[in-house]
1. For B:Ser84, which inter-copy label distances result when the label point lies 7 Å beyond Cα on the Cα-to-Cβ vector, reported in nm to one decimal and in ascending order?
2. Which of C:Val61, C:Val47, C:Val170 ends up with the largest GNM mean-square fluctuation for chain C, with Cα atoms connected below 10 Å?
3. Counting only residues 5 or more places away or on other chains, whose amide H sits under 5 Å from the amide H of C:Ile64 once H atoms are built in the peptide plane?
4. What does the structure give for A:36-45 when I average, per residue, the other chain Cβ atoms found within 10 Å of the residue Cβ?
5. At B:Lys2, label 7 Å along Cα→Cβ: distances to the other copies, nm, ascending?
6. Based on DSSP H runs of at least 4 residues, each adding -39500 (n - 2.57), what is the mean residue ellipticity at 222 nm of the protein assembly as shown after dividing by all its residues, to the nearest 500 deg cm²/dmol?
7. Taking the Cα-to-Cβ direction at B:Cys269 and at A:Ser69 and moving 7 Å from each Cα, how far apart do the two end points lie in nm?
8. How far, in whole Å, is the closest Cβ of chain A from the axis that maps A onto B, and which residue does it belong to?
Amino acid sequence: MKVFADILDTVRRCGPVVHCITNYVTVNDCANIILAAGGSPIMADDVAEVEDIVALSQALVINIGTLNSRTVEAMLAAGRRANSLGRPVVLDPVGAGASALRNDTLQRLLQEVRFTAIKGNISEIGFLTGEDAKARGVDAEGASLVTEGNLKEAASMARRLSESTGAVVVVSGAIDIVAHADGVWTVRNGHPLMARITGSGCMSAAIIGCCLGVLPAEAPQACLCAVSSMGVAGEIAAENMANAGGGTGSFRALLLDAMSMLDGPFLTCRADVKYM
Amino acid sequence: MKVFADILDTVRRCGPVVHCITNYVTVNDCANIILAAGGSPIMADDVAEVEDIVALSQALVINIGTLNSRTVEAMLAAGRRANSLGRPVVLDPVGAGASALRNDTLQRLLQEVRFTAIKGNISEIGFLTGEDAKARGVDAEGASLVTEGNLKEAASMARRLSESTGAVVVVSGAIDIVAHADGVWTVRNGHPLMARITGSGCMSAAIIGCCLGVLPAEAPQACLCAVSSMGVAGEIAAENMANAGGGTGSFRALLLDAMSMLDGPFLTCRADVKYM
Amino acid sequence: MKVFADILDTVRRCGPVVHCITNYVTVNDCANIILAAGGSPIMADDVAEVEDIVALSQALVINIGTLNSRTVEAMLAAGRRANSLGRPVVLDPVGAGASALRNDTLQRLLQEVRFTAIKGNISEIGFLTGEDAKARGVDAEGASLVTEGNLKEAASMARRLSESTGAVVVVSGAIDIVAHADGVWTVRNGHPLMARITGSGCMSAAIIGCCLGVLPAEAPQACLCAVSSMGVAGEIAAENMANAGGGTGSFRALLLDAMSMLDGPFLTCRADVKYM
């Protein structure tokens, strides 16, 4: 099992190309965080080209944040192609439960594509397991967060979704959960300010793509590294912001700064990962 | 009539979900400014889901900045649904007058949707009242600004549009105008640097959505609070930038910073609102 | 032949409207860099309106970064209209060679539209000349960069493309090349950090649009000014970042800062342009 410093180092040396079919709200943040981590982003969402683009890439990230009838077909085609090429595929089910279109699309995606990792907040993951969860704004806090109070329930929900899909399931929140047949881990990194900017979750999925791109055979470890990296970068950003006295606009830039300068051994030390 | 500090506080406590059908140029800025103000953004523009999304939201913002045949239908469906649910709807007629597509779309929107607020620069508002105004780049300065020189003319134009549509009409510029059957107000807040970044106007409309989301029954007051908030945030950002010696890239981050840390009582004091 | 300070000054005085049909990844960066340079951006990509928008603009920039079947038609219509109006047109062939859709689109664009300038990295330009180049992620470094080692080869490739298209050809890299029937120049400005954020190349094309918008009759000089401006802004940003100790998030803001405050005479002095 590789330590996180080694995974991060491999991302930087290999520069995995990560194909994102993602929403237009945070697409720039996703591209910049992939570059900051050492990967190489490529965004393409037309059904006429996604199969070509997947073939050039080491990982595919599908984010349904601003899906439409045109891009849904591209997601399906890209996902199937990635499966046939053996490339890892990440699903970020943004706003699952918020509309029939999103729900139907998720059903089709889960039927037609084998995902390596699925990352969502507790309400999104809850929806995918068939549990009744209320969707709010996609950046919603509060009811959508994993905390010490609902940790066990969230963990077993994540494990069920992992068992039914075969994917590593990542539940993001104040505490992050990474669940797999091999076990369930918690990651206690990150900072509340991450929920006050748009894109933290989308960027996390993009970094999962980066790590899976260089470590496809060890998906749980790759997800743990990605989630910890984002969390530790958030902590560093918050610490640097405390010095600067800034708000959310500064935090956003400092988060990219922190990822772009993240020290491998520091990440290994600071990552707070526990087997449940 | 609520003071601005109370409205801002309500936004922060209630976290209104604001559904934006907006352009892909400044959509990230809109999401971040809504979060900075305390709201919860959700972006969705497919006709197959906008009615579901509107039903989850406290306000709808329609911005025609990069409209296309697909999203126009979504705007109409979302607007009608918001009307039937009694949710406030904001129109940002970006680039009104610049193309037949924009003009025809605006005509359809105004015929089929009842807007709670319409916000544009003087050339956009002029176009909606049927006056001949030349459209330039959507971030154009100069002829598109309200100044002391054309203030009266702009105010009466805004009032006419308010009378014909029933909406509160906000004309943005060096001086902002908020017009309604109840009266016309000026807001003398803001900073010239706001016109040197893209998205100031779009963010202003997004914040109008936030304030209307918590104060739908007092639309003029909600609009005044939103416009003042953006203006005061711009002033704070410019002051902080003067210390840092920055340019427009820094200003953009500092504007989000200022909104995310805006103090309610400070806003109440600093807002320069006058009844005309 | 105008010096760069004069061109920059003209951009600031005239505020050319630059119509961009561009990708949704970096569109906000393009709008902000155009504003920072003194231009006025307008983004519009629906075939029903691009001809109207081109008619309001001083230059058109076509970037195929996230093309789709809908926007390809808009690119063609806008390009033909710009040609018929005598407006300069810039092509940024992002990801040329990465998919059949991109390659077919580029072929159609080059057949149906006369470009004033074409800007790409060496692999993109190589593809357009029919040479076999491997496409990677669109922000890929390494093999896609012009260096002292492949400078001559890149210059003659650029010249061939210029001869076959009539366009000024700009090859971006550690060294930039500007090639035309009149000659070939190198521009040795810029900083490696520019390759670590998304959008540097797209912004460069946007600035070429600004400069061509005020100097359409002297296209090589306009391109040299644009490329030098971006490079010098990158150098200033890197210098200011060294003081601040930042990463890529800060660099991105500092790059916009530098362009927005770029001093004309400083640009003239610092621009490192050589005739080959």
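FYI, it's all coordinate maths here, none of it is from the lab. Every value quoted in this text rests on a predicted model; they were computed, and no experiment measured them. FYI the Cβ positions are ideal-geometry reconstructions off the backbone, even for glycines, and counts take in every protein chain you see.
1. Spacings between copies for this position, smallest first, are 4.2, 4.2 nm.
2. C:Val47
3. Placed amide hydrogens put C:Asp92, C:Val94 under 5 Å from C:Ile64.
4. Details: counts 5, 0, 1, 2, 7, 6, 13, 11, 11, 4.
Counting other chains' Cβ atoms within 10 Å and averaging over A:36-45 gives 6.
5. So the label point of B:Lys2 gives 5.2, 5.2 nm to the other copies.
6. Working: 33 runs with 426 residues, N = 828.
-16500 deg cm²/dmol, from helical runs alone.
7. Rounded to a tenth, the inter-label distance reads 5.6 nm.
8. A:Tyr24, 3
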